[in-house]
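This report refers to the structure that appears directly beneath it.
The values are calculated or read from the model by the stated rules, or taken from the named source; none is laboratory data. Everything numeric here is computed off the predicted structure, so don't read it as measured data. Every residue, glycine among them, receives a Cβ derived from its backbone with ideal geometry; neighbour counts consider all protein chains shown. Quick note on the areas: whole protein, heavy atoms, side chains included, nothing else; ligands and nucleic acids left out. Shrake-Rupley method; radii C 1.70, N 1.55, O 1.52, S 1.80 Å.
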Amino acid sequence: MSCPEKCIYSGWWYDFNVVNIAKASKLISLMSSSSTSKTTNEQNNSSSLLRQYSRITVVVDELPEAQAIHSSNEVLNQFDIVAVTPGNQKVLALCCQQANVDIISIDFRNKSLNLNKKLLDTAVQRGVCFELLYAPLLAANGGRQQIISNSKVLIQYLRGRHLILSSGCETLGGLRGPRDAMNILVSALIHMHA
């Protein structure tokens, strides 16, 4: 195996998707009984080659919910990675400027989101990454063209940096290997130029 094939994966994560942070407290009890907690993970990190992370992805549609994403939130502090999926432009702006998140996962099927380079730059300066999902590109629906177009804008604004390419699939059949995932994205972007 060549080095790039060996070095592709350094870790993986459990992703807990929640719509309401207040209801996410049930995950704490689940995490405390599993090996995905931060403390267990840190103890096992030195003996393990592949690190396991815990991640929470919060779908946020309202500003008060977005304002609850801060560093003193006990629920969010139980996770290694905090991601947010903004539901509208105001929430996206707040997440880029203030929210204590690691990843902003933009659902390009949502037509109410307009990417703004200034907002994206603000988030990048704060150390936030953006997640690009390839599962919606594989779906056979009429919104594919919009998803491709918005993905292209995101990649251009960020110059290919601070991006995470993720599946976003809900079934095992939607998973692709790393090279397949990159090929999906590249061919979608090439299709836009044609």
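Quick notes
- Given (1) farther than 20 Å from K152 by Cβ; (2) touching a residue at least 60 places away in the same chain (Cβ under 8 Å), index of the condition S105 fails: (1)
- Total residues in segment 164-194, condition at pLDDT below 75, surrounded by 11 or more Cβ atoms within 10 Å (Cβ to Cβ) and β-branched (V, I, T): 1
- Of all residues in segment 103-120, those that are in contact with a Phe, Trp or Tyr (Cβ under 9 Å, 6 or more places away or on another chain) and either surrounded by fewer than 17 Cβ atoms within 10 Å (Cβ to Cβ) or not in a loop (DSSP other than H, G, I, E, B) (or both) total 6.
- Number of the condition not met by R161 [criteria: (1) surrounded by fewer than 15 Cβ atoms within 10 Å (Cβ to Cβ); (2) at pLDDT below 85]: (2)
- V84 being hydrophobic (A, V, I, L, M, F, W, C) and part of a strand (DSSP E or B): yes
- Selection count where residues are more than 19 Å from S166 (Cα to Cα) and of a type outside the set (G, A, S), scope segment 121-144: 5
- Scanning segment 130-158 for residues that are touching a strand residue (DSSP E or B) at 6+ places or on another chain (Cβ under 6 Å) and open to solvent by 50 Å² or more (accessible area, probe 1.4 Å) turns up nothing.
- Options V75, V59; residue that is under 27 Å from L172 (Cα atoms), out of contact with any His (no Cβ under 6 Å at 6 or more places or on another chain) and open to solvent by 10 Å² or more (accessible area, probe 1.4 Å): V59
- Segment 54-66, residues that are more than 15 Å from the chain's Cα centre (by Cα) and farther than 16 Å from V19 by Cβ: none
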